[in-house]
Amino acid sequence: MIKIENLEKVYKTEEVETTALNGINLYVKEGEFVSIMGPSGCGKSTLLNVMGLLDKPESGSYKFIDTELLTLNDRERSNFRKRNMGFVFQNFNLIDELTVFENIELPLIYNKVPTGERKKLVNEIIERMNIVNRSGHFPQQLSGGQQQRVAVARALVTKPKLVLADEPTGNLDSSHGNEVMELLCELNETGTTIVMVTHSSHDASFSNRIINLKDGHVISEKINKSRNEELI
Amino acid sequence: MFKLNLKIALRNLLKNKVYAIINIGGLALGLTAFVLMLLYINHEESYDTWSQDLKNVYQIRERHSFFTPDNKEYWQDLSNSRVAGIIKSNVPQFKAITKIDKEWGNGFSVKINKNEPVLIKSIKDADSAFFHVFPYKFIKGNSEIALKEPNSVVLKQSLATKLYHTTDVIGKAFRLVRWLGDKGIPLKITGVVEDVNTPESVVFNAISHTGDQDHDPTDPGNSHYGEIYAKSESLLDTTLLNKNLQKVYVDFKKKSFSEQKLNFKEVYADGKMPGLKAITLKSVHLNPPFATNWIEKIKPVIGISVFLLLVSIINFVNLSTAQSVQRAKEVGVKKVLGSYKKQLLTQFLLESAAQGVIALFLSIILVEMLIPAFNHQFDVKLSFWQSEQLLTIFSELLLVFVLITLLAGFYPAWVLSGYNPISVLKGNYENGLKGIALRNVLVVFQFVISVTFIIAIGVMEMQSRYMNNKDLGFERDKVINLKTGYEENFVKRIKQIPGVKYVSTTTQVMGNAFNTSTKITFKGNDIELNRVSVTMDALQTLGVKVLSGRLFSKEYKQDTVNSVVLNEAAANLLGKNLVGQSYGFKSYDNKIISFQIVGIIKNYHNEGFDKTVLPTVYKVSNLGGSANTNNLLIRFDTDNYNGILKNIETEWKSLYPDFPMQYESLDDAFSQILLEHKRFVNMIILFSVISVSLSLLGLFALSTFVAKRRTKEIAVRKVLGASNIQIVNMLNKSFLILVMVANLISWPIAYIIVKKWLDGFAYRIEMPVLPFIVATIISVAVAVLTVSLQARKAAVSDPVNALKYE
């Protein structure tokens, strides 16, 4: 589904140039759950941002089901993003002024889904995420785990082809972390492609394939046999 | 989406109540001054708009041919009455022409049957065509025939109600007594017209048709001057019209001169040709013949209020951007979820618009509350909801609203919608905190204005106090000025009333001065002096101070012939040891008459402090009878003279039953002179209050901003052991520098402005230092207070939170 070739990204400040991505080649198949790991500063978040069309690389190619995405302008990128991708962040990034329901509803509004259908979709996902009794609450009134469930719900409500997760368990304790990981697995089992950046090999063990990055290069790639067997 | 954004906006406002109040309140304050000014401008613009037909009404103006001190060309609104006739026969475009007598005196006495006379202002005498030109609506009577017969009068509805408590007054009659001693004209009421609801240039309570305006003086050498108005069927080309009028008028002048056996060319040898023109009635109010027009007068006020509105907008921008950090995450999330920059821009602009609407409503409430005071202060009748121009005002406000929304909302919206989602979602708000230097400049700028205002108030206050307490050179209490001449019989009667000390008259009284000059020859030098004629007791009545010699007295026979008293200013011109010396005066038949100086008095102020006391010579003359001064000064020997006044009024009524007695105390006349000055000071105070509050808001915004920017620094310092006070001091220091810089800049600015203002007074204080020091102390104190409020909050917060947050 995703084919990335020779991706280069350089950050420039007045004094130094840092190469964040240095000729990355990568593919992700439809329905796959890929983890990206590596030490701090290896470029994994940059890669995720580029994949999420939040950042522009200097050169290279990024094809998403045969569509070249790097040539799109800002508006086209926004449109592509809101139709095809969902995001889960380490620090949840829920809008404090909106209730759980409204937060989840937001991407549907941007996708111009009619009100009636919006209500239906949000209610469905709220039920699926087991946060029905929280739907009128504001983010600050929820625990971290619950907040992340809302964030996941928000990422999924548009039924995106690709979910990008940036250390989704980073701010959670282990039990809540596991909950979220199980949620992502379930999601993956229903066919959603997931790319996740993580520090935790425990979290990575939930995925099909683990890609290791260092200094902007892919240094190794490992198929997660146990998970794949599980799937079979 | 709109609903959701509205929810976010409201919840944000509620969450940050203080900011919301300050932000909206500040804008409302700036708007209030602006709206008041708009109302005032609208009011002035609404002159003579009460009927569509007035578009075709013109006022005739004649070129002012007398000497004017500034040598500028003036067109007076009083024209030779013959002009009406000439226009009638030479300008066929005018379908109706009316002549109105100029208003004179303080009003006319209306005497209904045996009732007490009532003094009514603005009863104007016109010819029968008045209502053919001015389309007033008749409630009773008929505009065609109302003024047809002589000795008819048409009342305004308000006057009819005042005099008769009804508008059913057709056929009723009263006697109009125009001056004391006038035997009066009987007038029959033939019509009542509606009061109009916008101001008029031709103000009247009643229009009489006595017949006086129907004829021009028979002798070509005599002229009668009055206002002339003409009405056309349609709008005329004034350039063309005026060319014609000019030609017609010059022809008339030439003809008239030859009748008087005068040489036209000789009379106009100086090149100042006679001139005649017509101006539209609509432009009459904007072009007073001699005074400065209202636009010129309020230009500084317009400047200040526009400026204050800008300052409040700048503050709004500052506060919004300072606060935008809190919205960064929302922007980041929305962008990730696929929002376009334009959508976000619209969202934040709408938020500003919503705040703008609230501010606008607040300012309307404020305006409603302030209008009574404003009207009282500036002697106008403004209204908001009852205004005739409500629609105009609303459309203007809509325009202002759109403008302030764009000005105040665009920058914050731009900053917010420009956030990079990757960085803000990681908690990095750097780009929300740019532009600190610009904000510093703005704060300095605002404080410069505020400090200048405070200094100005201080100096004005000191000058006011100086003027209130200044020795006027005469005793202004216990003296009243009766509006009548020196009638021997009346004076004899009131002199007998116990408590009356002196009764006299002079041609020069406070609030009622006309100066005539006289040329004298003293020791071979020609000197020009101001001449004031007085009765024997006048100087004693005023209570002037004698510096040397004596005042006039009955004991000296020559005092009624050739004794004079000089004031100090005149004495300084003439030299020393003047008492007993004489000067010469050339009479009209070229004889030299000698006058002896018998006394020198201290200068006394009969006009405002903006004018110098003229070098003046006082001379006794017979001021009764035809030499009516209309100033009868009465000095009492007690402060409590109300009872005595009643006795005087009784005498008055028995002598003059047809004309009401009018008087004012010299104390009041003096206050009246200071009134305009006081109004100006009050206006400056009003603007200062707004300006200072806005500056404080600005400072509050900036300190909030800085405290936020330095959250991490404050936390680190606290972890390392800094006390709260140390933190507050640290934050205060940077602002104190700004305020001090502002003070340094404003001192010379204030000095120049205030000096110029003081120079307008002939009698003034030396430039004081105190207001400068006080302004500095006040500005520093309020700045420290404002910043400390904000700094304390930052200082006492738990450092752990701040560090974790980062």
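The values are calculated or read from the model by the stated rules, or taken from the named source; none is laboratory data. Note that the structure is predicted; figures quoted are calculated from it, not measured. Methodologically, a virtual Cβ is constructed for each residue, glycine included, from the backbone with ideal geometry; neighbour enumeration extends over all protein chains shown. In case anyone asks, the SASA skips ligands and DNA or RNA and just uses the protein heavy atoms, side chains included. Shrake-Rupley method; radii C 1.70, N 1.55, O 1.52, S 1.80 Å.
Show me the strands (runs of 3 or more DSSP E) found entirely inside region B:84-191 where at least 2 residues are crowded, with 21+ Cβ neighbours inside 10 Å. Explain how you work it out, then say what you get.
Details: elements: B:94-101, B:108-111, B:118-120, B:123-125, B:138-141, B:152-156, B:173-177.
Filter on region B:84-191 gives B:94-101, B:108-111, B:123-125, B:152-156, B:173-177.
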Checked pairs for region B:723-739, first in the same structural domain as B:SER703 (by TED's automatic domain parsing), second among the hydroxyl-bearing types (Ser, Thr, Tyr), C-beta under 6 Å and 6 or more apart or across chains, list as B:VAL728/B:SER788; B:VAL739/B:SER779
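Please work out which residue is surrounded by the most Cβ atoms within 10 Å (Cβ to Cβ), limiting yourself to region B:403-442 and to residues that are in contact with a Ser or Thr (Cβ under 6 Å, 6 or more places away or on another chain) and at pLDDT 70 or above.
Residue satisfying both the conditions and the ranking: B:ALA408.
How many residues are more than 9 Å from every other protein chain (Cβ to nearest Cβ) and among the acidic types (Asp, Glu) when one looks only at region A:54-67? I'd like the intermediate steps shown before the answer.
As a first pass, look at region A:54-67 and keep what is more than 9 Å from every other protein chain (Cβ to nearest Cβ): A:56-67.
Next, only the ones that are among the acidic types (Asp, Glu) stay: A:58, A:66.
Counting residues in region A:54-67 that are more than 9 Å from every other protein chain (Cβ to nearest Cβ) and among the acidic types (Asp, Glu) gives 2.
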Tell me yes or no: at least one residue of region B:55-70 is in contact with a helix residue (DSSP H, G or I) (Cβ under 6 Å, 6 or more places away or on another chain), aliphatic (A, V, I, L, M) and surrounded by fewer than 21 Cβ atoms within 10 Å (Cβ to Cβ).
no
Can we say A:GLY23 is away from chain B (no Cβ under 14 Å) and among the small types (Gly, Ala, Ser)?
yes
If I filter region A:24-40 for residues that are within 26 Å of A:ASN79 (Cβ to Cβ), of a type in the set (A, V, I, L, M, F, W, C), in a helix (DSSP H, G or I) and out of contact with any Pro (no Cβ under 8 Å at 6 or more places or on another chain), do I get at least one hit?
no
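Residues are listed down the side, and each one gets a yes or a no for (1) among the polar types (S, T, N, Q); (2) open to solvent by less than 20 Å² (accessible area, probe 1.4 Å):
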residue	(1), (2)
B:LEU345	no, no
B:LEU350	no, no
B:GLY356	no, yes
B:SER363	yes, yes
B:VAL367	no, yes
B:PHE378	no, no
B:GLU388	no, no
B:ILE393	no, yes
Given the condition more than 14 Å from chain B (Cβ to nearest Cβ) and aliphatic (A, V, I, L, M), answer yes or no: does some residue in region A:108-125 qualify?
yes
Pull out all pairs, ordered by first then second residue, where Cβ-Cβ is under 6 Å, the residues are six or more apart or on different chains, the first lies in region A:188-213 and is in a helix (DSSP H, G or I), and the second is surrounded by 16 or more Cβ atoms within 10 Å (Cβ to Cβ) and among the aliphatic types (A, V, I, L, M).
A:ASN188/A:ILE194; A:ASP203/A:MET181; A:ALA204/A:MET37; A:ALA204/A:ILE210
When you go through B:LYS297, B:LYS329 one by one, which is the residue that is of a type outside the set (Gly, Ala, Ser) and within 14 Å of chain A (Cβ to nearest Cβ)?
B:LYS329
Exception for A:ILE194 within (1) open to solvent by less than 10 Å² (accessible area, probe 1.4 Å); (2) farther than 30 Å from A:GLY23 by Cβ falls at (2)
B:PHE66 vs. criteria over 25 Å from the mean Cα position of the chain (by Cα) and modelled with pLDDT under 90
yes
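Considering only residues that are in contact (Cβ under 8 Å) with a residue 12 or more places away in the chain and open to solvent by 20 Å² or more (accessible area, probe 1.4 Å), which ones fall in region A:131-158?
Filtering region A:131-158 for residues in contact (Cβ under 8 Å) with a residue 12 or more places away in the chain gives A:131, A:134-140, A:142-158.
Once the filter is applied, which keeps residues that are in contact (Cβ under 8 Å) with a residue 12 or more places away in the chain and open to solvent by 20 Å² or more (accessible area, probe 1.4 Å), region A:131-158 yields A:ARG134, A:SER135, A:GLY136, A:HIS137, A:PHE138, A:GLN140, A:SER143, A:GLY144, A:GLN146, A:GLN147, A:ARG149, A:THR158.
Can you tell me which residue in region B:1-16 is farthest from B:GLN343 (Cα to Cα), limited to those that are open to solvent by less than 60 Å² (accessible area, probe 1.4 Å) and within 7 Å of chain A (Cβ to nearest Cβ)?
Step one: list which residues in region B:1-16 are open to solvent by less than 60 Å² (accessible area, probe 1.4 Å), which gives B:4-5, B:8-9, B:12-13, B:16.
Next cut, within 7 Å of chain A (Cβ to nearest Cβ) only: B:4, B:8, B:12.
On the way: B:LEU4: 13, B:ILE8: 14, B:ASN12: 18 Å.
Restricting to residues being open to solvent by less than 60 Å² (accessible area, probe 1.4 Å) and within 7 Å of chain A (Cβ to nearest Cβ), the top hit is B:ASN12.
Quick one: in region A:68-77, which of the residues that are without any contact (Cβ under 8 Å) to a residue 12 or more places away in the chain and away from chain B (no Cβ under 14 Å) is farthest from A:GLY31 (Cα to Cα)? Please lay out each step first, then the result.
Start the filter on region A:68-77 by keeping residues that are without any contact (Cβ under 8 Å) to a residue 12 or more places away in the chain, which leaves A:68, A:71, A:73-76.
Retained after the next criterion (residues that are away from chain B (no Cβ under 14 Å)): A:68, A:71.
Working: A:GLU68: 20, A:THR71: 25 Å.
Checked region A:68-77; the qualifying residue farthest from A:GLY31 (Cα to Cα) is A:THR71.
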Under 7 Å by Cβ, and 6 or more places apart or on different chains, what pairs join a residue from region B:220-235 that is farther than 17 Å from B:LYS124 by Cβ and not assigned by TED's automatic domain parsing to the domain that holds B:LYS88 with one that is at pLDDT 90 or above and of a type outside the set (Lys, Arg)?
none
Please work out which residue is nearest to B:ASN577 (Cα to Cα), limiting yourself to region B:512-526 and to residues that are open to solvent by 20 Å² or more (accessible area, probe 1.4 Å) and in contact with a helix residue (DSSP H, G or I) (Cβ under 9 Å, 6 or more places away or on another chain).
B:LYS523
Go through region B:712-766 and count every residue that is open to solvent by 40 Å² or more (accessible area, probe 1.4 Å) and assigned to a helix (DSSP H, G or I).
28
Quick count over region A:78-107, residues being at the interface with another protein chain (Cβ under 8 Å from one of its Cβ atoms), β-branched (Val, Ile, Thr) and surrounded by fewer than 23 Cβ atoms within 10 Å (Cβ to Cβ), is 0
List every residue pair whose Cβ atoms sit under 6 Å apart, with the two residues 6 or more apart in sequence or on different chains, where the first one lies in region B:548-565 and is over 20 Å from B:ASN577 (Cα atoms) and the second, anywhere, is open to solvent by less than 50 Å² (accessible area, probe 1.4 Å) and not in a loop (DSSP other than H, G, I, E, B).
B:THR560/B:VAL620
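Condition check ((1) outside the structural domain of B:LEU406 (by TED's automatic domain parsing); (2) of a type in the set (Lys, Arg); (3) open to solvent by less than 20 Å² (accessible area, probe 1.4 Å); (4) touching a Lys or Arg at 6+ places or on another chain (Cβ under 9 Å)) across all residues:
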{"position": "B:PRO300", "(1), (2), (3), (4)": "no, no, no, no"}
{"position": "B:LEU308", "(1), (2), (3), (4)": "no, no, yes, no"}
{"position": "B:SER312", "(1), (2), (3), (4)": "no, no, yes, no"}
{"position": "B:ALA322", "(1), (2), (3), (4)": "no, no, yes, yes"}
{"position": "B:LYS342", "(1), (2), (3), (4)": "no, yes, no, yes"}
